[in-house]
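Accompanying notes for the structure given below.
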Amino acid sequence: MAYFDDMPDHCLEYAQEARKNGRPVVGILCEFTPRELILAADGVPVCLCGGSAEMAVRAEEQLPANLCPLIKSTFGYHLSKENPFLEMADLVVGETTCDGKKKMYELMGQSRPMYVLELPQKPDDADALAHWTAELRKFKGFLERRYKKTITLDRLREVVRQTNHYRRLRRRLADFLALPRPPITGRELLNMNSSIWCAPDDIAQYQKTIQLLGAAAPREDLAGRVRVMLTGVPILRGAEKVVDVIESRGGLVVCAENCTGLKPFLEDIDAERPDPLEAIAETYFHLPCSVMTPNDRRLESLRKLADQFRPQCVIELVWQACLTYDVESWRVKQFVEGQLGLPYLKITTDYSPSDAGRIALRVEALFETMRPPGAGVYRGRDGGA
């Protein structure tokens, strides 16, 4: 696990070496940005989302205080120039998800190369996927012109196979938490997140970890913990406060449904499609983000994950001023309590550690309402254990 504790350093070394070898570093700010297109252009896609409370405060020089801490933290790094990935980025790619991000991109774009993808947000419209596919074709052309690379269909298929392999490794790691007595914690799995997909050293370490965990004995210190499904906003490195509270108070995050959890790995891309770009567009468009309306896919995703991971309760994390997740939380609460038959707790917070005690009291109160071990485990639509 020490390798994963130092994951930011590994990512930085990889990006610096790639840049020395002439590969452009491309910053991304959302899971909707297809890494495959950047990789096919021989770029290095690096996630730039910030998890620093200090940087969130710094951003208030230009951004409103009552804005999502993820947006503020990311912009704070822009102002301070203290994120080495951002400083070496040849390009930053955003997307039209929430309004706060869109307007932040305008400010960041005043001094950094910025490309913004227009994301349709009505997934059931007949022309929505066609519009998104056209956006990705434009983005592909932009990358080809900027980096003087021709992205062939064969090159796209090659990259898709690489990222699918990466997705499968991440799913296999997450699967260990579906066991009745897992060999790792949810926090340890969160630490395995890399800012850069498909780095060879990371892949080798994932493969080694899968072998070791497959042979590991169950963790006695995890016996009897309350199994928690975590949903809601992404949790960046430095902003793991809620996960730490849950697991220090007798819980175990057996499944994180969010963007820093399983959400990006739920669906592979069909590399054998005649046009792999269409397959890329379709898979990314299926991401069940709260910016989509209606976002029925998220509820179905929660149901499937509950079938697999057997949580005893669901905790939803919402960053302050993240309006899409905040409003959608009512539907999630109704679904979890009414359809899954599980207790639900919503936690609204920011990156500051000041409310950790209050959150701990609420989590402890939730766990105290749990029925005897096993009685509150979701048993799926077929009623099976």
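The values are calculated or read from the model by the stated rules, or taken from the named source; none is laboratory data. Predicted model, so just to flag it, every value in this text is computed and none were measured. So basically every Cβ, Gly included, is an ideal-geometry build from the backbone, and we count neighbours across all protein chains shown.
Anything in the stretch 253-270 that is assigned to a strand (DSSP E or B) and either free of Cβ contacts under 8 Å to residues at least 12 places away in the same chain or surrounded by fewer than 23 Cβ atoms within 10 Å (Cβ to Cβ) (or both)? List them, or say none. It would help to see each step written out before you state the result.
Taking the stretch 253-270 and keeping what is assigned to a strand (DSSP E or B), we get 253-256.
Answer for the stretch 253-270, where residues must be assigned to a strand (DSSP E or B) and either free of Cβ contacts under 8 Å to residues at least 12 places away in the same chain or surrounded by fewer than 23 Cβ atoms within 10 Å (Cβ to Cβ) (or both): there is none.
All but one of (1) in contact with a helix residue (DSSP H, G or I) (Cβ under 9 Å, 6 or more places away or on another chain); (2) surrounded by fewer than 22 Cβ atoms within 10 Å (Cβ to Cβ) hold for Val245; state the number of the condition that does not hold.
(2)
Answer yes or no: is there a residue in the stretch 358-371 that is within 16 Å of Ala239 (Cβ to Cβ), at pLDDT 95 or above and within 24 Å of the chain's Cα centre (by Cα).
The answer is yes; a qualifying residue exists.
Check off (1) buried (at least 16 other Cβ atoms within 10 Å of the Cβ); (2) under 19 Å from Gly50 (Cβ atoms) for Asp99 and give me the number that stays unchecked.
Of (1) buried (at least 16 other Cβ atoms within 10 Å of the Cβ); (2) under 19 Å from Gly50 (Cβ atoms), only one is false for Asp99: (1).
Restrict the check to the stretch 17-34 and report whether at least one residue is under 28 Å from Gly232 (Cβ atoms) and free of Cβ contacts under 8 Å to residues at least 40 places away in the same chain.
No.
When the residues of the stretch 100-140 are filtered to those that are hydrophobic (A, V, I, L, M, F, W, C) and assigned to a loop (DSSP other than H, G, I, E, B), which remaining residue is nearest to Pro69 (Cα to Cα)?
Filtering the stretch 100-140 down to residues hydrophobic (A, V, I, L, M, F, W, C) leaves 104, 107-108, 114, 116-117, 119, 126, 128-130, 132, 134, 136, 139.
Adding the requirement that they be assigned to a loop (DSSP other than H, G, I, E, B) leaves 119, 126.
Values: Leu119: 22, Ala126: 35 Å.
Looking at residues that are hydrophobic (A, V, I, L, M, F, W, C) and assigned to a loop (DSSP other than H, G, I, E, B), I get Leu119.
So, of the residues in the stretch 271-281 that are touching a Ser or Thr at 6+ places or on another chain (Cβ under 8 Å) and over 18 Å from Thr97 (Cβ atoms), which turns out to be surrounded by the fewest Cβ atoms within 10 Å (Cβ to Cβ)?
This residue is Glu278.
Return the total of residues in the stretch 195-224 being in contact with a Phe, Trp or Tyr (Cβ under 9 Å, 6 or more places away or on another chain) and outside any helix (DSSP H, G or I).
Result for the stretch 195-224: 6.
Just the residues that are within 27 Å of Thr96 (Cα to Cα), over 18 Å from the mean Cα position of the chain (by Cα) and charged (D, E, K, R), please, taken from the stretch 6-44.
Answer for the stretch 6-44, where residues must be within 27 Å of Thr96 (Cα to Cα), over 18 Å from the mean Cα position of the chain (by Cα) and charged (D, E, K, R): Arg23, Asp42.
For the stretch 1-57, what are the residues that are among the β-branched types (Val, Ile, Thr) and either out of contact with any strand residue (DSSP E or B) (no Cβ under 7 Å at 6 or more places or on another chain) or within 24 Å of Tyr351 (Cβ to Cβ) (or both)?
Ile28, Thr33, Val46, Val57, listed by residue number.
Where residues in the stretch 181-231 are within 20 Å of Glu247 (Cα to Cα), surrounded by fewer than 20 Cβ atoms within 10 Å (Cβ to Cβ) and basic (Lys, Arg), which of them is modelled with the highest pLDDT?
Per the criteria, the residue is Arg187.
Which pairs do you get when a residue that is in contact (Cβ under 8 Å) with a residue 60 or more places away in the chain and outside any loop (DSSP other than H, G, I, E, B), found in the stretch 141-170, comes within reach of a residue that is exposed (fewer than 15 other Cβ atoms within 10 Å of the Cβ) and not charged (D, E, K, R), reach meaning Cβ atoms under 7 angstrom, with the pair 6+ apart or on two chains?
From the stretch 141-170, the pairs are Glu144/Thr150.
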